[in-house]
Amino acid sequence: QVQLVESGGGLVQAGGSLRLSCAASGRTFSRYAMGWFRQTPGKEREFAAAIVWTGGSALYADSVKGRFTISRDNAKNTVYLQMNSLKPEDTAVYYCAAGIISTNYVARDEYNYWGQGTQVTVSS
């Protein structure tokens, strides 16, 4: 059982930065991967970044690679998404997710637990 709470969303101008955080509570095991997904109206929730809770392996969508960085603080059971050089197309509700990934870190159906989402709006 994992509970996830996102924070850090807000309004930022294009080219700016935001850092999202996702605090995990409950029993969190090292085998659970953590991911960030985002969703805009009319689109499916899409993968942004993922990290294994232990080991530090990270994976990024091509759309955010080089601009976003996922990291974790194991002592706080918290995962972060540092978003730099933000673009208007990054505007979305960002969701934190956790799961035991069997085959595909980018597939939303692989994740079992989800946060409530936090809105990120990038103005042009």
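The values are calculated or read from the model by the stated rules, or taken from the named source; none is laboratory data. As the structure is a computational prediction, the values presented were derived from the model and not from experiment. FYI the Cβ positions are ideal-geometry reconstructions off the backbone, even for glycines, and counts take in every protein chain you see. Areas reflect the complete protein model, heavy atoms only, side chains present, ligands, DNA and RNA absent. Shrake-Rupley method; radii C 1.70, N 1.55, O 1.52, S 1.80 Å.
Quick rundown of the values:
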{"item": "Fraction of accessible area attributable to carbon and sulfur, the chain (%, probe 1.4 Å)", "result": "46 percent"}
{"item": "Solvent-accessible area per residue, Å², over the chain with all protein chains present [probe radius 1.4 Å]", "result": "50 Å²"}
{"item": "Candidates 78, 103, 91, ranked by Gaussian network fluctuation over the chain, Cα under 10 Å, top entry", "result": "103"}
{"item": "Length released on extending from residue 65 to residue 3, taking residue separation times 0.36 nm less the Cα-Cα span", "result": "19.6 nm"}
{"item": "GluC sites (Glu not before Pro) restricted to DSSP loop in the range 21-124 with at most 12 other C-beta within 10 Å", "result": "44"}
{"item": "Residue with peak Gaussian network fluctuation, the chain [Cα springs, cutoff 10 Å], from 74, 112, 84", "result": "74"}
{"item": "Residues of type lysines that residue 76 reaches as a straight line, Cα spacing below 29 Å, ignoring anything fewer than 8 places off in the same chain", "result": "65"}
{"item": "Neighbourhood charge, 12 Å Cβ-Cβ cut-off, centred on residue 122 and excluding it, Lys, Arg +1 and Asp, Glu -1", "result": "+1"}
